[in-house]
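One structure is given here, and the rest of the page talks about it.
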Amino acid sequence: MDFRFTDDQRALQDMVRRFVEKEMPKERVAEWDKNEEFPKDLLDKMAEIGLMGATVPEEYGGTGGGVMEEVIVLEELSRHSSTVALAYGLDVCFGAVTVERHGTEEQRREFLPKLANGQCHFALSMTEPDGGTDILGATKTVARQDGDYFVINGAKVYTTGINIASHVFVVVRTEKDPHKPSHGLTVFLLPKDTPGITYSKIVKMGSKFLHSYEVAYQDVRVHKSTMIGKLNKGWHAIIDTINNERIFIAAVCCGLGRGAFEDANQYALDRTAFGRPIGQFQAVQHPLADT
């Protein structure tokens, strides 16, 4: 198998690298982190050069890329900020993938062009207070059907980026005693300002300018048309999203590691001791070479 980039992929990598150097130098990223405020205009600038539609099919206004294009963008963003990469991933790796693969044609036509143009952003409300990735056993947020509507009640934690999102995916239980664990979960995609949704910020140590939230759903009434996938079969969409997340996180880690190495290497060239750059000493060279 040929793992080399195509000409188009190399061009994408070069474009993202230039964008990162211009729009998010590390000094600016440090200011964002200090001020704890996400620069939402950065996502608008990404949309202008086609990054928000990198994996959106061409018929919906994107450039039709796949996993490789997704990884290229994430790695380059993560060289300067894994936090920005996370925000990008919520939209492109979670949002776009879930809507494209599991949404209706009407939902694809509503959301994918807006995502590519930077007009909508997504958050994922899945983790609950009593459980982490044990989605099958821990999901207690419920949606009770009322004709063509569902009424959602429950609580979620670590819903990242809902403050800058326009819409939120919420995972709920729609069947109390399913015949098997993977049955009975349903995914809805809601405007984040739907009546009954409230959220409060969680204080955390890192990624300070992309906040995570506790979210309460109190008698949130939504139409059945907001359902992603089929009733009681949301697990298929969830596991698909999680599988893509694993690739997404790996790409972020690779980019973050490369950025850290570049910083360490530059420091070894700039820092002098005993009359020469410390990078000329083997004790510094060896760990850099191992990296």
- Exactly one of Asp270, Asp240, Asp263, Asp219 is under 15 Å from the mean Cα position of the chain (by Cα) and acidic (Asp, Glu), and that residue is Asp240
- Task: Give Ile164, Ile238, Ile228 a once-over and let me know the one that is at pLDDT below 95, surrounded by 15 or more Cβ atoms within 10 Å (Cβ to Cβ) and under 23 Å from Gly89 (Cα atoms).
- Result: Ile238
- Exactly one of (1) outside any helix (DSSP H, G or I); (2) more than 24 Å from the chain's Cα centre (by Cα) is unmet by Lys230. Its number? (2)
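Conditions (1) β-branched (Val, Ile, Thr); (2) within 30 Å of Asp44 (Cβ to Cβ); (3) free of Cβ contacts under 8 Å to residues at least 24 places away in the same chain, marked per residue:
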{"site": "Met126", "(1), (2), (3)": "no, yes, no"}
{"site": "Thr141", "(1), (2), (3)": "yes, no, no"}
{"site": "Gly147", "(1), (2), (3)": "no, no, yes"}
{"site": "Lys156", "(1), (2), (3)": "no, yes, no"}
{"site": "Ile164", "(1), (2), (3)": "yes, yes, no"}
{"site": "Val168", "(1), (2), (3)": "yes, yes, no"}
- Message: Can you confirm whether Gly89 is closer than 28 Å to Phe19 by Cα and among the small types (Gly, Ala, Ser)?
- Response: yes
- Query: Can you tell me which residues in the stretch 190-241 are of a type outside the set (D, E, K, R), closer than 27 Å to Glu100 by Cβ and without any contact (Cβ under 8 Å) to a residue 12 or more places away in the chain?
  - Reply: Ile239
- Message: Which count do you get for residues in the stretch 1-57 that are of a type in the set (S, T, N, Q) and in a loop (DSSP other than H, G, I, E, B)?
- Response: 2
- Query: Of these, Thr55, Thr63, which one is surrounded by 13 or more Cβ atoms within 10 Å (Cβ to Cβ), over 25 Å from Thr160 (Cβ atoms), hydroxyl-bearing (Ser, Thr, Tyr) and in the same structural domain as His80 (by TED's automatic domain parsing)?
  - Reply: Thr63
- Any idea which residue in the stretch 20-33 is surrounded by the fewest Cβ atoms within 10 Å (Cβ to Cβ), counting only those that are touching a residue at least 40 places away in the same chain (Cβ under 8 Å) and not acidic (Asp, Glu)? Pro25
- Query: Hey, any hits in the stretch 249-269 for a residue that's over 26 Å from Leu124 (Cα atoms) and in contact with a Pro (Cβ under 6 Å, 6 or more places away or on another chain)?
  - Reply: yes
- Can you name the residue in the stretch 71-122 that is of a type in the set (Lys, Arg) and surrounded by fewer than 24 Cβ atoms within 10 Å (Cβ to Cβ) and, of all such residues, is nearest to Asn163 (Cα to Cα)? Lys114
- Go through the residues of the stretch 113-122 one by one and say whether even a single one is in a helix (DSSP H, G or I) and farther than 22 Å from Asn244 by Cβ. no
- Task: Mind telling me which of the residues Ala260, Ala273 ends up being within 17 Å of Leu86 (Cβ to Cβ) and outside the structural domain of Phe169 (by TED's automatic domain parsing)?
- Result: Ala260
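The values are calculated or read from the model by the stated rules, or taken from the named source; none is laboratory data. Note that the coordinates shown come from a computational prediction; the quantities given were computed from them, not determined experimentally. All Cβ positions, even for glycine, are placed from backbone atoms using ideal geometry, and neighbour counts span all protein chains on display.
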